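Here's the structure, in structure tokens; my notes come after.
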Amino acid sequence: MLQLYGKQITSRLLLGTAQYPSPAVLKEAIATSGTEIITVSLRREMTGGRTGDKFWSMIQSLSRHVLPNTAGCHTVKEAVLTAQMARDVFATDWIKLEVIGNHDTLQPDVFALVEAARILTADGFKVFPYMTDDLTVADRLLGAGCEVLMPWCAPIGSAMGPLNIHALRSLRGHFPDVTMIVDAGLGRPSHAAAVMELGFDAILLNTAVAKARDPAAMAGAFAKATEAGYAAYHAGMLEPRDVAVPSTPVIGKAVFT
Amino acid sequence: MRLIVNGEPHEIAAHDLDALLRELEFDGEWLATALNGELVRSHERPLCRLNEGDRVEILTPRQGG
């Protein structure tokens, strides 16, 4: 079972709540995904508006764990303040920490990320850092108090799938006991299976499900692929070989000449 | 006094953050607030005095990835 800061989680798929065609479709996708953790954000409210209340009431009705994010933050100060505001509203010390370093790639500013993670863990937060696949950054984040790491496998929303298998494999190999969730860049269920086959603990998805023609069906497909990849990794996969090896026994084969 | 609320200038009569939310009809139950870049928890708002030129952020839950 997946362990996230002491919480036992059955599903290995975390799902974002943005970009769905409607709240009804979002609810359906959450249901078919089987996810127990959904991500949310904080944004400015309009005067006289109750947009946040409507959304939050719907989310609360689903009885899932909520993982607030700091999406869109570009500095340590912004990210820390957003996390503090999220804790005040959502009443959780979980935070998906994003500190964006580049507008085009949305890759994290890993230096600011480590600093923000240190500040937030000291303040009692349980930080889920959105990071690159860099080993040293992983090491620094663990040193900052993170118990979970969330490496990207490609830029957010790109749907490119794992771009650097070697880096992901290195991360898994160097930190075999750290819970790692691949976050960002997955486009299709085979990508989810591929990263889970490397031994990752879970995946976090949003765009690939929300922008599918049928988000609910795609959420189900990702859930199956994620579980298949996880099971395959733990079943011990056959490594590729350079020569053919017959699967049918050679001994006992009839000789007709 | 003149304040900046969610990036927009507002002329308001309220002297504390709790009163400002009522005056501007932010009547949602799930609000997060910050004053000049510092968190103001919900229970602290009545005691949070406002001054000319203060910057107030009022956030609510929204979809996120």
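Mind checking the mean number of beta-carbon atoms from other chains within 10 Å of the Cβ atoms in A:84-92? Intermediate values should be presented prior to the final figure.
Working: counts 6, 10, 4, 3, 12, 10, 3, 0, 0.
Across the residues of A:84-92, the mean count of other-chain Cβ atoms within 10 Å is 5.
Compare the Cα positions of B:H10, B:V40, B:L20 along the charge dipole of segment B:2-59 (+1 at Cβ of Lys, Arg; -1 at Cβ of Asp, Glu; about the Cα centre) and return the one farthest towards the positive end.
It is B:V40, whose Cα lies furthest towards the positive end.
Add +1 for every Lys or Arg and -1 for every Asp or Glu among the other residues with Cβ under 14 Å from the Cβ of A:A154, and state the total.
-2
Please report the carbon-and-sulfur percent of the accessible area for segment B:2-59; probe 1.4 Å, protein heavy atoms only, DNA, RNA and ligands left out.
On the way: 1450 of 3120 Å².
On segment B:2-59, the fraction of accessible area on carbon and sulfur atoms equals 46 percent.
Could the peptides A:232-240, A:125-133, A:149-157 be put in order, highest first, of the mean number of other beta-carbon atoms found within 10 Å of their residues?
Final packing ranking: A:125-133, A:149-157, A:232-240.
Skipping prolines and chain starts, which residues have an amide H placed within reach, meaning under 5 Å, of the one on A:M46, given they are 5 or more residues away or on another chain?
A:T51
What is the average number of partner chain Cβ atoms found within 10 Å of a Cβ in A:244-251?
0
Considering only protein heavy atoms and a 1.4 Å probe, what is the carbon-and-sulfur percentage of the accessible area of segment A:1-101?
Solvent-exposed carbon and sulfur of segment A:1-101 make up 53 percent of the total.
List the aspartates and glutamates whose Cα sits under 20 Å from the Cα of A:K77, skipping any in the same chain fewer than 8 residues away.
A:D88, A:D93, A:E98, A:D109, A:E115, A:D123, B:E38, B:D54, B:E57
Can you list residues from other chains, or at least 5 along the same chain, whose modelled amide H is less than 5 Å from the amide H of A:L97?
Long-range HN contacts for A:L97: A:F128, A:Y130.
Using the heavy atoms of the protein chains and a 1.4 angstrom probe, tell me the accessible area per residue for segment B:2-59 in square angstrom.
Accessible surface, normalised per residue, equals 54 Å².
Pairs of alpha-carbon atoms within less than 8 angstrom and 6+ residues apart define the contacts here; what relative contact order does chain A have, in percent? Each step should come with its number before you reach the end.
Working: 476 pairs, mean separation 49.7, N = 257.
Value for chain A: 19 percent.
How much accessible area per residue does segment A:46-173 have, in Å², with a 1.4 Å probe?
With the other protein chains kept in place, segment A:46-173 gives 41 Å² per residue.
Relative to the longest principal axis of chain A, what angle (0 to 90°, nearest 10) does the C-alpha long axis of helix A:110-122 take?
Between helix and principal axis, roughly 70 degrees.
When chain A is treated as a GNM, springs tying every alpha-carbon pair under 10 Å, which of A:V245, A:V80, A:V114 comes out with the largest mean-square fluctuation?
Residue with maximal mean-square fluctuation among A:V245, A:V80, A:V114: A:V245.
Within 10 Å of each Cβ in A:2-15, how many Cβ atoms from other chains are there, averaged over the peptide?
0
Under 24 Å between alpha carbons, and skipping anything fewer than 8 positions from A:K211 in its own chain: which lysines qualify?
A:K27, A:K54, A:K96, A:K224
Nearest 100 Å² is fine: how much accessible area is buried between B and A, summed over both sides, with a 1.4 Å probe?
When B and A are taken together, about 2700 Å² of accessible area is lost.
The values are calculated or read from the model by the stated rules, or taken from the named source; none is laboratory data. Treat the numbers as computed from the prediction; the structure is a model and nothing was measured. Virtual Cβ from ideal backbone geometry, glycine too; neighbours counted across all protein chains shown. Keep in mind that these areas ignore ligands, DNA and RNA; they rest on the heavy atoms of the full protein, side chains included. Shrake-Rupley method; radii C 1.70, N 1.55, O 1.52, S 1.80 Å.
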